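First the structure, in the form of structure tokens, and then the observations on it.
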Amino acid sequence: MLLQQNWVSPRWTWQSLGKSFIFFVFLMLQAADLEARRGHQFVWKTGHWGRCVGDCGSGGTRSRAVWCTHTEGWTSHHANCDQQEKPESQRRCFKVCDWHLELFEWDVSGWGSCEPGGEAGPCVMAQHGLQRRSARCLQKLDRSVVAAEICEHLAPQPPLEQACLVPCPRDCVVTDFSPWSPCSGGCTNSLRHRTRAVIAPPLYGGAPCPNLTESQTCAAAACPLGEEEHTYSLKVGPWGECRLPHREDASLDLGEDSGELSTSWLEGHKAQHHPHTGQVGYQTRAVSCVRSDGRHAVLSLCVQDAVPLTSKTCVIAKDCETSEWSAWSSCSQTCSWGDLAPGFRSRHRSVRSVAMGSGKLCPELEEKEACSTGGRELLKPCPRFSWRTSEWKACQVSLFDQQSPQHHKHAVLCGGGIQTREVYCVQITVEGETHRLKEGFRMRQRHVIVDPVGTLAGCPHLVESIPCEDPTCYEWIVSEGICVADHGKCGPGKHILKTVCKNKKGEEVPYHLCSELPRPDVMACEIPCATDCVLSEWSQWSPCSHSCSSKSAEGSQSRSRSILALPAEGGKACPPDRALQEHRACNDHPCVHFFWETSPWSSCSEDVLVTALNATVSWSGEATCGVGMQTRKVFCMRSGSGHVTPKRCPDSTRPETVRPCLLPCKKDCIVTPFSEWTRCPTACQPGNATAVKQSRYRIIIQDAANGGQACPDTLYEERECEDTPVCPVYRWKTHRWSHCVLVPESVRQNVLGHNEACGHGLQSRAVTCLTENNESADVSECMKWAGPMPPLVQDCLIPCKDDCTFTPWSKFTACSFDCESTKTRRRSLTGRSRKRDKCQNTEVYPQVETELCPCEVFTSQPHGNWSDCIIGGGKLELQQGVQSHGDTKECGEGVRLRAIACYDKAGRLVEPSRCSSSGYVEESCTVPCPFDCKLSDWSSWSPCSSSCGTGMKVRSKWLKEKPYSGGRPCPKLDLKNQVYEAVPCYTECNQYSWVVEPWSPCKINSEQNSLHCGEGIQTRKVRCVSTTEDHGGETVPNTLCNKAEIPNEIRKCSLYCPNECAVSDWGPWSTCPQVCDPSTVQTRTRQVLRSVSRKPCPEDSQMKPCILNQNCFQYQYNLTAWSTCQLNGNATCGRGVRKRLLSCVRSDGEMVSARHCEQRRLEKPAETSSECVVRCVVDCRLSAWSAWSQCSQTCGSGGQMVRGRTVLLKAAAEGRPCPAQLSQHRSCPVKPCYSWHLGPWSPCRLQGGQCGDGLQFRNLTCVVHDASVSATSQPVEDALCGELPLKESVLQLPCSVPCPGDCHLTEWSEWSSCELTCIDGRSFETTGRQARSRALIGQPAENMESCSGQVVETRPCSGGRCYEYLWKTSLWRDNVRTVWCQRSDGVNVTGGCALQTKPAEVRHCSPACRKPFSYCTQRGVCGCERGYTEIMRSNGLLDYCMKVPGLEDKKADVKTIAGKNKPVNSKMHDIFKGWSIQPFNPDGKLKMWVYGVSASGFLIIVLLIFTSFLMCKKSKQHQSTPPQQKPLTLAYDGDIDM
């Protein structure tokens, strides 16, 4: 057994170890697998980089979060990710600071064109594209380019690409063809043409334009053999280049007499300035003969009587030559206004040689560009300016109101007026701050006890202040405290004073803000001991017994105190009875018999003594102001009798007659510094011009006052400009014309009949530029200062032997004053011409010319409307540019004007001064004057509406006259045409009140009390007095006072015995809360004045519940209505106060003193007074009329002149309103308009040929018109139009007439309408396009292949519209229809419509119609010919065509016979074929009509059966019973008819 156990143990051990080993190996493999897969299952993730933090510049750092995540998305520990691949979490960065932003910026170019991108597919409306632009980083200072990384630190780089839309390719769009051109007659073959024009060019890669020309051979009869018809045309070629003759041709030289230029003169001036001359050469052209088929022919077949010129003289072409550019000038500005107003710099160049012949003209001689400060010293900022104003001047009251006699009673004007001030511009300068002295104010104030009621005058000023130095803002407030015994608890002592630091508003502030503590006065007091006599406090002083003092009675008042407790043995005794009362005199002033009266204070004036005082005491804070004296007179007055001697009035109440005052500060006149001198002209001035002056001015800001320095006399200065440049004087000097230069003889000999040296030629001359001192100058100076250069070459004529020669024309004879007179001039024949017969023909060679003399007869016609009525406009004021001054009238008599147009006898417009000096027709007019609203004076005030308490009283005005013609309007009136004013009033309800005297000493009943202490009785006197102002305080009978309110005259009292506790009288009851609640109580207390140890003291407090209207009352405010706005003094407008009275009403209905409501701090319902404004009656004030403006047109009709005025002050309240007319217009006199009128171009003139190159001409005429739309122009003298503009001086142009066989372009088509590129009906571009074209036409047919080069032009345009291109179709006809493209405006075009959506032009049946006698119908289905009917299948398709019976015997039916061979495709046949009986639809289902017919038939059968049944039943009722018959048996015999 043991052995077996020993054998099993190693086996078990091996099994256990093997299992552990295998498990360990398994774990290792799993770990290796996990390690192997870890790199694939865990990855690093990073967040966004944070903000750059740290120091400015490159020392900053930025951070981001880095974490490890599983591929499934959950976050894992960092150890699971590969540490070698961990991204960085920090990096260095460039920290941008504010000052970096001022150094660099991104400079972005504009977006480029949109380029299509992406896959190419079918384009519907537009395709996506891409736009690109460039961005670079610039340094702001010099605009230099720096690395882009610098700007990327400051701001992200702007996007350089953006998506865009490219419209689909649009093909070229052309119009329909024009009609065919006519064919030429004859038997030769010719072509006819038709053309079309381009109306929209191809865009965005669209198809190019098709051929704009179509040709077609004309059908002509064959020509007989050898007799072809041809025509011949003389072809004139273009003129060749102008060239100089050969040296042997001396006739072209200028010759020795060509001018005044000698050899020595040229030698002396050959250094710089050469005379400008034109070189004369010659040019030739070829002349050939062309047959109608385009082939050349012998010249003799085309030669006519007059052979065209083949040579002529010309001017050798020479381009304008200029010098090099000068250096750039300095900038036009010396300071910087920023990019909004940059300065400019310029450079110049001069002309060295002017253009000759057809040479290039001179380019611009001056260039300007904006000058930048980059790379140079920055300009200082330009000074800034601001508006400043002077003080408002005194109010000037309008005098319009002073027409009524009432206003003459008042010496002082009041009401609405005008204040003016100067407004000027000043340069802003930064000045140092001026430190003012520390100043404050000493103030005193008083309060209103009773508001004024029923009077216009308000309360006087409530606050006074004087300036002071070192202001005191805080002070100690001292109040009495409790009594503290000197020794022990009773006996003599002192009051402790309580001090608090307060500010001026009465608020408590910390102690350290106040100065040192004040030294308080010692106040003695005494606390009674247990055995001492106890006295009450002194009562209040009684009312004065008399309101004034007289010989018989003087006023007195008293106060008392009583003994509250008797002393015990050894205690301090009570004072005697006389010591318990005190008396003093009161109201010791006389009883209103004498009083002092004062005059108003005089104005503040300087005093010698006060001036001396000011030398030592600085009473005022301002150094320029001092202390003066005010005086007034004091009078002693006796009631009812006036002045009395001053001895009768007491000196103690004499008012002071002198008081110090602040002298008004001297105000010196303050003026602005002189403005800058106005600029002298920089442009030069003519030498004979008047001296140019410059000026400057200054403005008075503050007028002198109170003896200050007066204003200067000179406010405007003027002086002549120094160093004003004088325009240089240059002039052209022309030399003698050379002899007439002809074509060289060698050239003339080649032309038949041109051997004679005569005919048209050119002659030239030299032109030089001279200074004022006849010195040579640059030609550009003369071109600048002396006008255009005189011509260097002119035409000339050398007469031939056979030509007629004449003397020059004489001057015209003088004209008479007769309008029908004429003037003539003459010439006569010279030399051999006098003997030639042809020269004697005066129709061809006139020798006398006659012209009509100008007629000085003019007629005028009114033109335009009448002007506004102009008041006070004299002849001078009606002139243009003259301004009206002073007060102008606004109404009354005036004139109105109407312009005229002046015409001469020929009906041509001339200057209006020929008909009228002013150019106007005048007519008198009237402007009605305004009349103001008038009201009556104020009525007297009505009595107060309430006899007790608050009420209202009113007064009124009523309407006397209404306003008209813009007068002052009336205020708002009621139905009775009245206006009211109301103020609150108050009537005392209780004019009498009860007055009580102090209580008497407590009287003890001595019969029952031997100690003379204990309970007793106190009495007092009660009397009724008047409370009115006149009789205030006087005793009246008690019956006048309210008996219910009479105070008690007797009460119980206590006199404490010795050794008894003594207490004071009961204090007042505490107040009940504002909300009366019986659960709340009010209490009263009393103090223990003397305490003893033997007996307890009586109660020291009592309480009782608060019951409404018994001992607890509620209060509320009661308000009257608002008064009208009340003004101070004699003011009629401005700021005032409106008031309403506030009364306090108790809850039991009694009106009580307002202090009850105030003590409870009840919220007042509203303000009892508020500021208000009575709008001043201010009339509208207008400026003076401005000067008449320039005419809106320099000439012609319809011009207007205008003058205006502005509203200086708008009308306010019931002021006279501003007139509606603030501008006046008048028509200008109709001045003639002169302009050059270019005539139409003439047909191409070939100078003797039938085709080839020639010239087009147009006439230039000076015409006069009135510039209206329907104006007719009439020719006048050229001198009236002045110099011709250069661009219109082209009066001839080269042209060509095509010869047979030439290809030529047609004239330009009209510009097409402006079309926008649109997507879905919306414009894709801001500008549109227009197109025009020229088609190419050639003859004959064999040359058409070589003709190419049609021309298309486009130009941008504005105001275009979107067009749509839609396919249009005609009706089907024989399965064919026309399809064309049409624009949305109705124009038929080729191109523009999408070919993918083009409708079919030919219609086919599906399946095809192959059955006999069938054809394809208009509905797209197979049908049968006429005479056959369709047999349809179940699917609705044609099965076969069946012949209609009965038609084969009609021999006369030609159509039926023809139909066997050919289908009848008539429209009517198709229509009726649609009604053929076909029960099946094309889909094989029965048609609806089959069901309808079946149902109808069934209903008819049922109806017949039912009708038969009814008829049979009715007939049986009238028949007798028939005899019984044998039943009938029916049998079928097989007959088919059954």
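Details
- Restricting attention to the range 553-607 and to residues that are β-branched (Val, Ile, Thr) and more than 21 Å from Lys633 (Cβ to Cβ), the residue that is modelled with the lowest pLDDT turns out to be Val592.
- The set of residues in the range 1203-1250 being over 53 Å from the mean Cα position of the chain (by Cα), at negative phi and open to solvent by less than 50 Å² (accessible area, probe 1.4 Å) consists of Cys1244, Leu1246, Gly1249.
- Single match in Glu1283, Glu1315, Glu1277 (criterion: in contact with a strand residue (DSSP E or B) (Cβ under 8 Å, 6 or more places away or on another chain), open to solvent by 60 Å² or more (accessible area, probe 1.4 Å) and farther than 30 Å from Arg1203 by Cα): Glu1277
- Residues of the range 991-1006 that turn out to be among the β-branched types (Val, Ile, Thr) and farther than 17 Å from Asp577 by Cβ, as a count: 2
- Test result for Asp1253, at pLDDT 85 or above, closer than 30 Å to Leu299 by Cβ and buried (at least 18 other Cβ atoms within 10 Å of the Cβ): yes
- Number of positions in the range 1213-1245 that are touching a residue at least 40 places away in the same chain (Cβ under 8 Å) and not in a strand (DSSP E or B): 13
- Elements of type strands (runs of 3 or more DSSP E) in the range 66-172, at least 1 residues being under 30 Å from Ile1319 (Cβ atoms): 104-108, 126-132, 135-139, 161-167
- Of the strands (runs of 3 or more DSSP E) lying entirely inside the range 691-779, the ones with 1 or more residues being free of Cβ contacts under 8 Å to residues at least 60 places away in the same chain, over 18 Å from Val315 (Cα atoms) and open to solvent by less than 70 Å² (accessible area, probe 1.4 Å) are found at 693-697, 716-720, 730-734, 767-771.
- Number of positions in the range 51-71 that are touching a residue at least 24 places away in the same chain (Cβ under 8 Å) and open to solvent by 90 Å² or more (accessible area, probe 1.4 Å): 1
- All positions within the range 627-674 that are under 30 Å from Ser386 (Cβ atoms), modelled with pLDDT under 80 and aliphatic (A, V, I, L, M): none
- In the range 1141-1169, the qualifying residues are those that are basic (Lys, Arg) and in a loop (DSSP other than H, G, I, E, B), and the one that is surrounded by the fewest Cβ atoms within 10 Å (Cβ to Cβ) is Arg1161.
- Members of the range 912-923 that are within 43 Å of the chain's Cα centre (by Cα) and either surrounded by fewer than 17 Cβ atoms within 10 Å (Cβ to Cβ) or part of a strand (DSSP E or B) (or both): Ser918, Tyr920, Val921, Glu922, Glu923
- Test: residue in the range 209-220 that is open to solvent by less than 30 Å² (accessible area, probe 1.4 Å), at pLDDT 70 or above and under 30 Å from Ala1331 (Cα atoms): yes
- Selection count, the range 159-205, where residues are under 30 Å from Gln131 (Cα atoms) and open to solvent by 30 Å² or more (accessible area, probe 1.4 Å): 12
- Residue among Cys815, Cys796, Cys819 that is within 21 Å of Cys740 (Cβ to Cβ) and surrounded by 12 or more Cβ atoms within 10 Å (Cβ to Cβ): Cys796
- First in the range 857-872 and under 18 Å from Ser1227 (Cβ atoms) and in contact (Cβ under 8 Å) with a residue 40 or more places away in the chain, second anywhere and surrounded by fewer than 20 Cβ atoms within 10 Å (Cβ to Cβ) and of a type in the set (Lys, Arg), Cβ under 6 Å, 6 or more apart: Pro862/Arg898; Trp866/Arg896; Trp866/Arg898; Ser867/Arg896; Cys869/Arg896
- Within the range 1362-1379, residues that are within 18 Å of Thr1417 (Cα to Cα) and open to solvent by less than 60 Å² (accessible area, probe 1.4 Å) reach partners that are at pLDDT 85 or above and acidic (Asp, Glu) with beta carbons closer than 7 Å, at six or more positions or on different chains, in the pairs Arg1377/Glu1401.
- Per the listing Gly488, Gly493, Gly506, the residue uniquely exposed (fewer than 12 other Cβ atoms within 10 Å of the Cβ) and at pLDDT 75 or above is Gly488.
- Residue pairs whose Cβ atoms lie under 8 Å apart, sitting 6 or more positions apart in sequence or on different chains, and linking a residue in the range 1066-1083 that is under 23 Å from Asp1100 (Cβ atoms) and polar (S, T, N, Q) to a partner that is open to solvent by 90 Å² or more (accessible area, probe 1.4 Å) and part of a loop (DSSP other than H, G, I, E, B), are Gln1082/Thr1071.
- Residue within the range 1394-1404 that is at pLDDT 85 or above and either aromatic (Phe, Trp, Tyr) or surrounded by 16 or more Cβ atoms within 10 Å (Cβ to Cβ) (or both) present: no
- Only one entry in Pro660, Pro655 is assigned to a strand (DSSP E or B), free of Cβ contacts under 8 Å to residues at least 60 places away in the same chain, under 30 Å from Trp596 (Cβ atoms) and of a type outside the set (Gly, Ala, Ser), namely Pro660.
- For the range 286-296, the condition holds for at least one residue, the condition being that it is closer than 30 Å to Leu792 by Cβ, assigned to a loop (DSSP other than H, G, I, E, B), at pLDDT 60 or above and open to solvent by 50 Å² or more (accessible area, probe 1.4 Å).
- Only listed residue being open to solvent by less than 80 Å² (accessible area, probe 1.4 Å) and either in contact (Cβ under 8 Å) with a residue 24 or more places away in the chain or among the polar types (S, T, N, Q) (or both), chosen from Thr830, Thr842: Thr830
- Total residues in the range 1026-1052, condition touching an Asp or Glu at 6+ places or on another chain (Cβ under 7 Å) and at pLDDT 80 or above: 1
The values are calculated or read from the model by the stated rules, or taken from the named source; none is laboratory data. Worth saying up front: this structure is predicted, and the values here are computed from it rather than measured. Note that we place each Cβ from the backbone using ideal geometry, even for glycine, and neighbour counts take in every protein chain shown. To get the accessible areas, we keep the full protein, side chains included, count just its heavy atoms, and leave off ligands, DNA and RNA. Shrake-Rupley method; radii C 1.70, N 1.55, O 1.52, S 1.80 Å.
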